[in-house]
Amino acid sequence: MYDSDVDASSGYAVETDIDNSKILSDLNPDISVTAIEVYEVSKERFAQGKWYIQIGEEKVQLK
């Protein structure tokens, strides 16, 4: 498991204008948000084995 890179996540969110998450406020009914998280992994490490993204109980294979 890896932790997201806060600086890279912020930079990508600004560049793509995708992230509309809320930092300090609650969501009202029928409101949804999209949050961006970037993870930095070395090429050598990524080349080894299979990689997955897990959100809650759902696990999706990347490679």
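The values are calculated or read from the model by the stated rules, or taken from the named source; none is laboratory data. Here the structure is a predicted model, which is why all the values come from computation and not from measurement. Note: ideal-geometry Cβ built from the backbone for every residue, glycine included; neighbour counts use all protein chains shown.
Yes or no: region 7-23 includes at least one residue that is within 15 Å of the chain's Cα centre (by Cα), among the acidic types (Asp, Glu) and at positive phi.
Yes, region 7-23 contains a residue that is within 15 Å of the chain's Cα centre (by Cα), among the acidic types (Asp, Glu) and at positive phi.
Restricting to region 18-34, and then to whatever is closer than 26 Å to Asp7 by Cβ and not aliphatic (A, V, I, L, M), can you tell me which residue is surrounded by the most Cβ atoms within 10 Å (Cβ to Cβ)?
By that ranking, first place goes to Asp19.
What are the pairs with Cβ atoms under 7 angstrom where one residue, in region 35-58, is charged (D, E, K, R) and the other, located anywhere, is surrounded by 10 or more Cβ atoms within 10 Å (Cβ to Cβ)? Sequence gap at least six, or different chains.
Pairs found: Glu37/Ser4; Glu37/Ser9; Glu40/Asp5; Glu40/Ala8.
Considering only residues that are surrounded by 13 or more Cβ atoms within 10 Å (Cβ to Cβ) and either touching a Lys or Arg at 6+ places or on another chain (Cβ under 8 Å) or not charged (D, E, K, R) (or both), look in region 5-17 and name the one that is farthest from Glu40 (Cα to Cα). Even if it seems obvious, please write down each step before you answer.
Keep residues of region 5-17 that are surrounded by 13 or more Cβ atoms within 10 Å (Cβ to Cβ), which gives 5, 8-13.
Now narrow it down to the ones that are either touching a Lys or Arg at 6+ places or on another chain (Cβ under 8 Å) or not charged (D, E, K, R) (or both): 8-13.
Values: Ala8: 8, Ser9: 10, Ser10: 13, Gly11: 13, Tyr12: 12, Ala13: 15 Å.
Filtering first and then ranking leaves Ala13.
Select from region 35-58 the residues that are farther than 21 Å from Asp7 by Cα, assigned to a loop (DSSP other than H, G, I, E, B) and either at pLDDT 90 or above or over 17 Å from the mean Cα position of the chain (by Cα) (or both) and list them in ascending order.
If the condition is that a residue be farther than 21 Å from Asp7 by Cα, assigned to a loop (DSSP other than H, G, I, E, B) and either at pLDDT 90 or above or over 17 Å from the mean Cα position of the chain (by Cα) (or both), then Gln48, Gly49, Lys50, Trp51, Glu57 are the ones that fit.
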